[in-house]
Amino acid sequence: MSSRDEILEKIRREKLPDQPLPDLKEFGIVYADKFEQFTAALKSVGGTSIRVKDRGDASRAVRELAVHQQAKKIGSLIPGIGDANVDLEAIDDPHELEDVDLSIFPGEFGVAENGAIWIDAKNVKHRVMYFIAQHVVVLLDARELVDNMHRAYDRLAFDEPGFGMFLSGPSKTADIEQSLVIGAHGPRSLTVVLVENGPAG
Amino acid sequence: MKVGLFVPCYVDQMYPEVGWATLQVLRRCGVDVDYPVAQTCCGQPMANTGCSDQTAPLAKQFVAIFRSYDYIVSPSGSCISMVRNHYGEFFGDSADYQHVRERSYEFCEFLHDVLKINELPGRFPHRVGIHQSCHGLRELRLGSSSELVQPAFSKVQKLLSLLEGIEFTSLQRPDECCGFGGTFAVAEEAVSVMMGDNRVADHEQAGTEVLTGVDMSCLMHLEGLLRRKRSPMRVLHVAQILACDDGKTIFQ
Amino acid sequence: MTNHAVLAEQFVADKPRAHWHDQALWFVRAKRDLAAKSLPEWEELREHASNIKAHCVSRLADYLEEFTRNAEKLGAQVHWARDAAEHNQIVLGILQKHRVTKIVKSKSMLTEECHLNPFLERHGMEVIDTDLGERIVQMRREPPSHIVLPAIHIQKEEVGELFHEQLGTDAGATDPQYLVEAARKHLREKFMAAEAGITGVNFAIAETGGFVVCTNEGNCDLGVSLPPLHIACMGIEKLIPRAQDLGVFLRLLARSATGQPITTYSSHFHGPRPGGALHVVLVDNGRTDILRSDDFRRSLNCIRCGACMNTCPVYRRSGGHSYQSTVPGPIGSILSPAKDAAKHDSLPFACSLCGSCTDVCPVKIDLHHQLLTWRGEIAKRGLLPKSKTWGMKAVSFVLQRRRLYEWSGKFARLSLRKLPRWMIYNRFNAWGKQRELPSAPRSSFRDWYRQQPKNGADKKES
């Protein structure tokens with residue numbers, strides 16, 4: 001008998017009582033001001049946010065960021081945002097992205113309860129761009145905020161292969177005597193550019 | 001209403017004044033209380049060691065003795081928790097056990113939930129630190145526990161506040177375990193003592209003059225530590241405070 | 001045979017350190033409390049989580065098959081392992097097939113449970129644990145002491161010394177920022193050189209065939225987005241039915257573990273990277289045995305958050321290593337005896353039955369009740385020391401006989417009043433080592449009661 005069959009057979013020998021799944025449709029905290037909650041939560045997890053009117057403003061604002069000005073190598077997944085000097089399409093080996101200082105990419109929507117942003121890597125050649133850069137900047141449509149994780153999953157479907165993640169702040173660790181250090185193995189900072197009018201990516 | 005008083009074995013032998021104070025308060029509240037002398041022990045020490053076989057006869061004995069009372073009251077959260085939550089395996093669907101189970105109350109619980117007393121003559125002008133014994137708190141839900149997201153309440157504090165002049169001290173860890181834990185107190189002596197020392201230190205920093213609780217087992221352990229270091233902090237069971245008489249002179 | 005009490009005593013003996021350890025973990029517990037209280041629906045959330053797990057376990061076989069079908073449709077390869085040995089062989093096989101010798105691993109308690117690292121190292125492979133806490137204990141050649149905070153027992157001075165020796169940092173450096181920076185550089189090299197990434201799985205989704213890995217450091221993601229091979233190892237109980245169920249668990253996990261609203265990264269993997277390979281290894285290793293037990297089945301709800309450890313007053317004062325089991329603390333004291341009751345017979349007794357663990361558990365495992373049930377199991381299997389069984393038999397014997405009980409009590413009180421102190425307080429009296437015994441009264445409660453005029457004295461004497 002294969003291990004698979006053995007394990008399944010062992011489980012099926014037990015007739016266990018039924019337990020209905022909960023209905024999560026209306027469940028979960030609702031905030032009076034999603035934007036305020038989102039930016040506060042983002043701040044509490046070590047991220048920063050700036051608010052701009054439109055894509056044009058966003059483009060300017062990103063260039064003015066200190067992390068952009070100090071960056072030698074910049075990669076951007078958003079055409080027209082950031083002075084990208086890394087040709088991501090021309091690179092095949094993600095290891096070549098080791099020295100990227102700044103990575104710019106779009107977020108799909110934000111979650112107010114925890115300052116998280118859903119990142120969808122669809123059509124992204126190098127998902128390492130989310131993790132390997134020293135600093136990251138995320139563009140997000142400020143109107144695309146949900147209250148909580150249940151509403152987030154209401155919006156998500158996983159019927160195709162791919163990678164996605166909730167990103168909440170810069171990488172961090174407290175493994176040395178519980179002292180919080182921002183910037184563990186991944187990016188040292190996360191700046192969210194909230195665009196009031198218009199999509200981000 | 002006829003109440004059967006259950007006095008835990010070690011309280012009967014080593015802290016009789018607590019049994020006495022419990023009786024005094026119940027009688028002052030107009031309750032007809034009996035103490036069936038046939039009782040000995042609820043079986044908890046055996047059960048907590050995993051010895052079901054040794055617990056069964058004591059459980060059966062308890063139910064046989066107390067089945068004819070309207071209520072069974074005991075100055076012990078852990079004993080009542082034993083009866084309510086851990087006797088099931090010995091009784092199946094016995095009607096006697098169901099009755100005993102539904103009608104067994106810890107002393108404060110009985111005053112608060114059944115008698116619903118809202119006044120108690122007496123003064124106790126001291127700074128009192130309440131030790132929230134784990135069984136009473138997390139098994140009998142005598143109060144809100146710090147782990148749960150729920151409105152704050154404490155049946156024990158509510159009752160004690162009926163006394164004039166009483167003040168309550170504020171702890172850093174309001175419901176951390178004292179470390180008695182039954183045979184744990186001896187089998188894991190080092191951790192048990194460290195836990196107790198930490199509780200004592202918490203009460204000291206809070207300014208507690210009188211340390212109290214609903215379980216004499218916890219208090220015995222804490223008092224043992226206090227007496228060893230010659231601390232002036234007094235230790236009294238809630239019944240003794242509510243009776244405004246520690247009853248000690250009767251048993252000297 | 002492990003004995004928690006002996007190891008705990010050693011831990012407590014270093015008073016300042018034990019106090020420091022207790023405070024450090026209490027602090028994490030306090031952060032959890034704040035996070036929980038920020039959601040008025042917290043208790044409902046726990047109830048939902050518990051019900052989702054119960055539902056999933058009741059149809060686990062169907063969900064495992066659904067997961068496998070969907071994962072394979074996405075291009076992942078799914079393997080099944082009966083036990084730790086088979087798991088290790090499967091992982092080795094995959095690595096050898098891809099001619100891999102350099103591996104990075106993000107935190108996986110399952111791989112700890114299977115002792116994967118030493119197994120792979122015996123076969124000539126380099127496995128670097130990339131979670132900073134795990135890397136620290138790996139460099140010190142010791143096991144983690146906590147499932148979420150592996151290095152919680154280590155002080156920054158010790159990390160400074162370790163990094164000075166092994167990474168060349170400045171002698172005497174203790175600044176966490178400085179030390180983390182050194183670890184970052186060191187681990188970047190490892191990420192860059194890795195030929196495969198092994199990860200755990202926080203939640204696998206039957207409905208979609210994907211799985212989620214949660215980290216704060218980004219180490220899982222760096223580990224699997226550079227090398228082309230990703231091996232994800234999971235216990236079969238990590239499965240959940242639907243993607244929407246993730247909403248419940250992701251809201252509970254980080255809040256329970258560290259008091260954060262969510263980890264920095266909650267990475268959802270559906271199929272391999274284009275041009276890469278993804279293998280998922282499903283592991284039983286005793287979980288089906290637990291599933292078959294009415295008493296212990298609920299321990300399969302565990303999402304490995306560590307909240308029970310943070311709240312346990314015994315764990316805080318004895319440290320994870322005193323449990324000598326992969327998973328320590330309250331949940332470990334239930335899971336480990338299930339694997340080897342004789343080896344771990346002291347663990348269910350490393351507990352004062354306070355119940356705090358049960359109240360913090362995000363998936364509502366009745367931890368302290370299961371610990372008590374384990375004590376009964378250990379007694380049934382004849383694993384209790386003779387002193388305990390005979391002691392309890394003797395005590396029960398006396399307590400079943402009223403007159404004998406009364407006489408014993410009288411005798412004990414008399415002895416305590418009359419015997420010289422040195423006869424009472426000596427090395428045979430564990431209670432008396434650091435505590436006074438209560439003073440013994442002349443009469444018991446029942447003595448007094450019997451002497452009262454008839455105002456309710458019960459005549460039912462047997």
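Please treat every number below as a calculation from the coordinates, not as lab data. All figures in this text were calculated on a predicted structure; none of them were measured in a lab. Positions of Cβ are generated from backbone atoms using ideal geometry, with glycine treated the same way; all protein chains shown enter the neighbour counts.
For the reader, a short list of remarks on this structure follows.
- All other residues whose Cβ lies under 13 angstrom from that of C:PRO176 are scored, Lys and Arg at +1 and Asp and Glu at -1, for a net of -3.
- Fluctuation leader among A:GLY110, A:GLY82, A:GLY164 - chain A, Gaussian network, Cα springs under 10 angstrom: A:GLY164
- Positive-end extreme of charge dipole, chain C - chosen from C:ALA49, C:LEU252, C:ALA440 (charges on Cβ): C:ALA440
- Where Cα atoms sit under 26 Å apart: lysine pairs in segment A:1-137 separated by 8 or more or lying on different chains: 7
- Taking other C-beta atoms within 10 angstrom as a stand-in for reagent exposure, B:ASP12, C:ASP294 fall in the order C:ASP294, B:ASP12, fewest first.
- Structural descriptor for segment C:1-129: relative contact order 14 percent, calculated from alpha carbon pairs under 8 angstrom and at least 6 residues apart.
- Efficiency of FRET between C:ARG427 and C:GLU121 - r from beta-carbon atoms, R0 45 angstrom, step 0.05: 0.50
- Using a cutoff of 8 angstrom between alpha carbon atoms and counting only pairs six or more residues apart, the relative contact order for segment C:106-211 works out to 24 percent.
- The GluC sites (Glu not before Pro) found in segment A:121-201 that occupy coil by DSSP, while having at most 14 further C-beta atoms within 10 Å, are A:GLU196.
- A Förster distance of 25 Å, applied to the separation of the beta-carbon atoms of A:GLU160 and A:ASP93, puts the FRET efficiency at 0.50.
- The helix-only estimate of mean residue ellipticity at 222 nm for chain B, built from DSSP H runs of length n ≥ 4 each weighted as -39500 (n - 2.57), is -12000 deg cm²/dmol after division by the residue total.
- The count of lysine pairs in segment C:317-462 that are at least 8 places apart or cross chains, and whose C-alpha atoms lie under 18 Å apart, stands at 7.
- Farthest towards the positive end of the charge dipole of the protein assembly as shown, among the residues B:LEU225, C:SER336, C:PHE296, is the Cα of B:LEU225, using unit charges on the Cβ of Lys, Arg, Asp and Glu.
- Computed from phi, the 3J(HN,Hα) profile of segment B:103-116 under the Karplus parametrisation 6.51, -1.76, 1.60 (θ = phi - 60°) reads 9, 8, 10, 6, 3, 5, 4, 5, 4, 7, 8, 9, 6, 6 Hz, with x in place of Gly and Pro.
- The residues neighbouring A:ARG60, those whose beta-carbon lies less than 15 Å from its own, together hold a net charge of -1 under the Lys/Arg +1, Asp/Glu -1 convention.
- A convex hull fitted to the Cα coordinates of segment B:91-167 yields 124 cubic angstrom per residue.
- Positive-end residue of C:SER346, B:MET82, B:CYS9, charge dipole of the protein assembly as shown with Cβ unit charges: B:CYS9
- FRET efficiency estimate (nearest 0.05) - Cβ-Cβ, A:ARG60 to B:LYS229, R0 56 angstrom: 0.20
- Tilt relative to chain C, helix C:60-73 - C-alpha long axis, 0 to 90 degrees, to 10: 20 degrees
- Segment C:265-374 - convex hull of the alpha-carbon atoms, volume per residue in Å³: 135 Å³
- Straight-line cross-link reach from B:LYS229 at under 12 Å between alpha-carbon atoms covers these aspartates and glutamates, not counting any fewer than eight positions away in the same chain: B:ASP197, C:GLU436.
- Computed lengthening from B:ARG28 to B:ARG173, 0.36 nm per intervening residue step minus Cα-Cα distance: 48.8 nm
- Semi-axis lengths, Å, chain B, gyration tensor of Cα atoms, sqrt of 5 times eigenvalues: 27, 22, 17
- Largest GNM mean-square fluctuation among A:LYS125, A:LYS25, A:LYS34, using chain A with Cα springs under 10 Å: A:LYS25.
- Using alpha-carbon coordinates, inclination of helix A:55-64 to the longest axis of chain A, degrees: 70 degrees
- Distance from segment B:159-224 to segment A:158-201 (C-alpha centre basis), Å: 45 Å
- The Cα center of segment B:6-63 and the Cα center of segment B:229-252 differ in position by 20 Å.
- Cα centroid of segment C:410-453 to Cα centroid of segment A:4-38, whole Å: 55 Å
- Distance-filtered residues of segment B:1-27 - backbone nitrogen under 11 Å, label point 7 angstrom along C:GLN452 Cα→Cβ: B:5, B:19-27
- Rounded to 10°, Cα long-axis angle of helix A:3-12 versus longest principal axis of chain A: 60 degrees
- For segment B:74-179, chymotrypsin sites (Phe, Trp or Tyr not before Pro) meeting the loop criterion (DSSP other than H, G, I, E, B) and having at most 16 other Cβ atoms within 10 Å: B:PHE153.
- Here the simple spin-label model places points 7 Å from the Cα toward Cβ, and for B:MET1 and C:GLU43 these points are separated by 2.6 nm.
- Put a dot 7 Å past the Cα of C:ARG141, heading toward its Cβ, do the same for B:GLU204, and the two dots end up 4.2 nm apart.
- For segment A:75-82, putting each phi into the Karplus relation 6.51 cos²θ - 1.76 cosθ + 1.60 with θ = phi - 60° gives couplings of x, 10, 8, 10, x, x, 10, x Hz, in residue order, rounded to whole numbers and with x for Gly and Pro.
- Where the Cα pairs of the protein assembly as shown fall when distances are cut into 20 Å bins, in %: 14, 42, 30, 13, 1, 0
- Of the trypsin sites (Lys or Arg not before Pro) in segment C:68-161, the ones in a loop by DSSP (not H, G, I, E or B) with at most 16 other beta carbons within 10 Å are C:ARG99, C:ARG140, C:ARG141.
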